[in-house]
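This report concerns only the one structure given below.
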Amino acid sequence: MLSKGLKRKREEEEEEEEEKEALEVDAWWLDPGHPAVTQAPPNVASSSLFDLSVLKLHHSLRQSEPDLRHLVLVVNTLRRIQASMAPTVTLPPVPSPPLVPSVADNLLASSDTILSASMASLLEDLSQIEGLSQAPQPLADESPPGRPIGGAPPSLGALDLLGPATGCLLDDGLEGLFEDIDTSMYDSELWVPASEGLKPGPEDGPGKEGAPELDEAELDYLMDVLVGTQALERPPEQGR
Amino acid sequence: MAGAGGGGCPAGSNDFQWCFSQVKGAVDEDVAEADIISTVEFNYSGDLLATGDKGGRVVIFQREQESKSRPHSRGEYNVYSTFQSHEPEFDYLKSLEIEEKINKIRWLPQQNAAHFLLSTNDKTIKLWKISERDKRAEGYNLKDEDGRLRDPFRITALRVPILKPMDLMVEASPRRIFANAHTYHINSISVNSDHETYLSADDLRINLWHLEITDRSFNIVDIKPANMEELTEVITAAEFHPHQCNVFVYSSSKGTIRLCDMRSSALCDRHSKFFEEPEDPSSRSFFSEIISSISDVKFSHSGRYMMTRDYLSVKVWDLNMESRPVETHQVHEYLRSKLCSLYENDCIFDKFECCWNGSDSAIMTGSYNNFFRMFDRNTRRDVTLEASRENSKPRASLKPRKVCTGGKRKKDEISVDSLDFNKKILHTAWHPMENIIAVAATNNLYIFQDKIN
């Protein structure tokens with residue numbers, strides 16, 4: 001009996017078919033004498049193997065820490081299959097059923113996208129992960145924390161500043177934290193508590209550009225917001 | 001080398017007659033994942049046999065002394081020590097769980113009464129000391145028998161504590177922890193013949209450690225490409241030469257082996273020797289690379305040869321000849337026509353190990369359906385045996401098994417389609433001097449001995 005192995009996301013009927021065929025069907029496309037081979041174009045078998053490989057690749061990529069050997073072997077196999085399918089695209093459509101070249105075309109087109117996108121993103125992740133684990137520096141050093149804030153709605157500002165891991169950012173480099181911030185967000189009404197007239201309201205003039213010098217009170221306020229010790233409250237609207 | 005009643009060959013001195021000796025582990029049909037054995041290793045004398053499992057535990061068996069009073073025990077292996085080597089960990093930085101599964105155990109040569117071994121999971125290697133305590137000191141002056149401290153003013157006389165025998169207690173304690181040196185999954189560890197250093201290998205790098213120093217290691221091989229998108233090959237196994245402390249080999253997923261000499265340069269990215277067998281064009285398929293991927297590499301005890309295991313075969317290489325192996329042994333060639341299904345259910349990625357006997361005259365490796373294969377290099381004979389509870393009567397001879405590849409199935413043969421691919425024998429070990437073998441079948445450990453032995 002075949003082991004259960006990889007759970008395939010296929011139609012149930014297809015699954016049953018596969019199980020029934022057990023081990024007998026495998027090498028049929030390699031056997032030139034096999035009736036199925038003489039009748040069906042070889043790229044049909046390659047394409048099912050291709051689909052299977054893409055499925056495996058996706059499954060592997062979805063793991064939190066993919067097995068590198070498995071991944072590399074599947075990708076290399078996928079490349080082999082892709083290479084063997086490529087010539088069918090250039091075949092004149094006349095002898096083969098007209099459907100086949102377009103199917104192959106689509107497969108190749110989508111395969112390129114899937115393959116390169118998946119591989120690129122995964123391997124980039126792996127590199128980044130390695131960078132993180134090998135150079136354990138405070139996260140603040142790795143990318144300007146101010147970057148995610150640009151263009152973000154003001155209500156998200158505080159959270160964006162903190163980034164993915166909260167602890168490190170507060171420990172050091174607070175000055176650097178504020179350098180790149182687009183401070184125009186602080187000109188918005190939402191951020192100004194009633195008790196502190198820190199900035200003129202938007203109606204008073206154009207919003208501040210660049211990075212104006214924050215005085216100590218403003219800095220303290222912002223730090224409090226970050227640490228969450230001060231609840232952010234809208235100034236109570238009166239007369240509405 | 002035929003089993004009992006095999007093939008009509010004369011019972012020569014080279015023929016083994018393997019008999020069941022013992023089986024360890026639960027009988028349940030329902031196997032707990034944690035109990036699956038993931039590594040098996042004899043120590044240098046063969047008196048100790050260690051197993052590691054997926055649950056991070058190490059169990060050490062010790063061979064009983066053969067005594068006249070118990071002639072039937074014939075050197076049985078009984079549990080000597082059990083300890084939790086690795087625990088499941090969580091890497092908070094990457095939000096990843098680190099498996100506690102023991103990937104490899106390697107013993108250190110014994111230098112005093114205690115035993116030392118290295119055990120590793122995917123990320124961390126640990127040096128364990130296993131020591132015996134069979135005496136207890138009694139008659140302390142400052143504390144009484146319960147261990148409570150005595151009032152010094154009440155002590156009127158002094159006595160010398162005496163050692164009294166106690167029930168044997170075997171203690172395992174971690175002496176060194178070698179951590180944070182591997183980004184990728186560790187697949188091999190190998191103790192150097194200098195007994196001071198060892199190597200650890202992951203998918204892309206090999207590090208050299210000193211057994212005394214845990215806070216740093218030297219990277220000696222790095223095959224990580226500058227651009228990870230160019231990654232096409234990973235390291236699959238590595239081992240030090242048994243006698244030349246500057247030489248080691250590592251195998252790859254493309255079926256190549258590189259021999260490196262640490263004297264030539266600090267970083268051994270450039271090999272001294274490159275072993276690769278040219279591909280046979282007639283058997284080329286989409287799966288050629290996957291089945292050529294080497295899952296294990298082992299030097300012979302003599303140091304003249306090395307053996308590699310790929311999916312379908314075992315190859316013996318002469319270190320002086322890089323162009324091709326000197327021997328190729330087919331393990332289960334009948335699977336070649338089933339590669340697509342085996343690719344589909346991921347069995348094609350299974351990593352089988354292989355091992356030499358003490359005299360390098362025979363090699364052994366596992367297969368499916370709880371079968372394992374032995375090849376006698378001198379007589380050119382091979383045999384397929386099975387590790388199963390059905391053949392587990394004490395001292396019962398193992399009957400050779402045969403897989404029917406096509407046509408009419410003879411009696412006692414099993415057809416390829418009836419093989420159970422869930423019953424894989426990935427880990428086997430051969431006693432360094434005697435004909436005793438240990439075979440791990442999922443959660444059970446079988447020990448077989450040669451009748452003549």
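The values are calculated or read from the model by the stated rules, or taken from the named source; none is laboratory data. It should be emphasised that the depicted structure is a prediction, and the values quoted were computed from it without experimental measurement. Cβ coordinates were reconstructed from backbone atoms using ideal geometry, including for glycine residues, and neighbour counts include every protein chain displayed.
Numbers for the structure displayed
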item: Residues (touching a Leu at 6+ places or on another chain (Cβ under 6 Å) and over 28 Å from A:THR77 (Cβ atoms)) located in segment B:249-272; result: B:SER272
item: Filtered residue count, segment B:305-331, keeping only those that are outside any strand (DSSP E or B) and either touching a strand residue (DSSP E or B) at 6+ places or on another chain (Cβ under 7 Å) or of a type in the set (A, V, I, L, M) (or both); result: 7
item: Out of B:ILE290, B:ILE235, sole residue that is within 11 Å of another protein chain (Cβ to nearest Cβ), crowded, with 21+ Cβ neighbours inside 10 Å and within 18 Å of the chain's Cα centre (by Cα); result: B:ILE235
item: Condition met for B:ALA387 (at pLDDT 95 or above and on the phi < 0 side of the Ramachandran plot); result: yes
item: Of all residues in segment B:182-199 being free of Cβ contacts under 8 Å to residues at least 60 places away in the same chain and surrounded by fewer than 23 Cβ atoms within 10 Å (Cβ to Cβ), the one that is farthest from B:LYS298 (Cα to Cα); result: B:THR183
item: Qualifying residue in segment B:48-64 (condition: out of contact with any Asp or Glu (no Cβ under 7 Å at 6 or more places or on another chain), within 21 Å of B:MET433 (Cα to Cα) and modelled with pLDDT under 95); result: no
item: Spans of strands (runs of 3 or more DSSP E) in segment B:352-453 with at least 3 residues more than 14 Å from chain A (Cβ to nearest Cβ); result: B:354-356, B:362-366, B:371-376, B:382-386, B:427-430, B:436-441, B:444-450
item: Failed item in (1) within 14 Å of another protein chain (Cβ to nearest Cβ); (2) crowded, with 16+ Cβ neighbours inside 10 Å; (3) not in a loop (DSSP other than H, G, I, E, B), with B:GLU229 passing the rest; result: (2)
item: Condition met for B:LYS94 (at pLDDT 95 or above, part of a loop (DSSP other than H, G, I, E, B) and farther than 29 Å from B:ASP167 by Cα); result: no
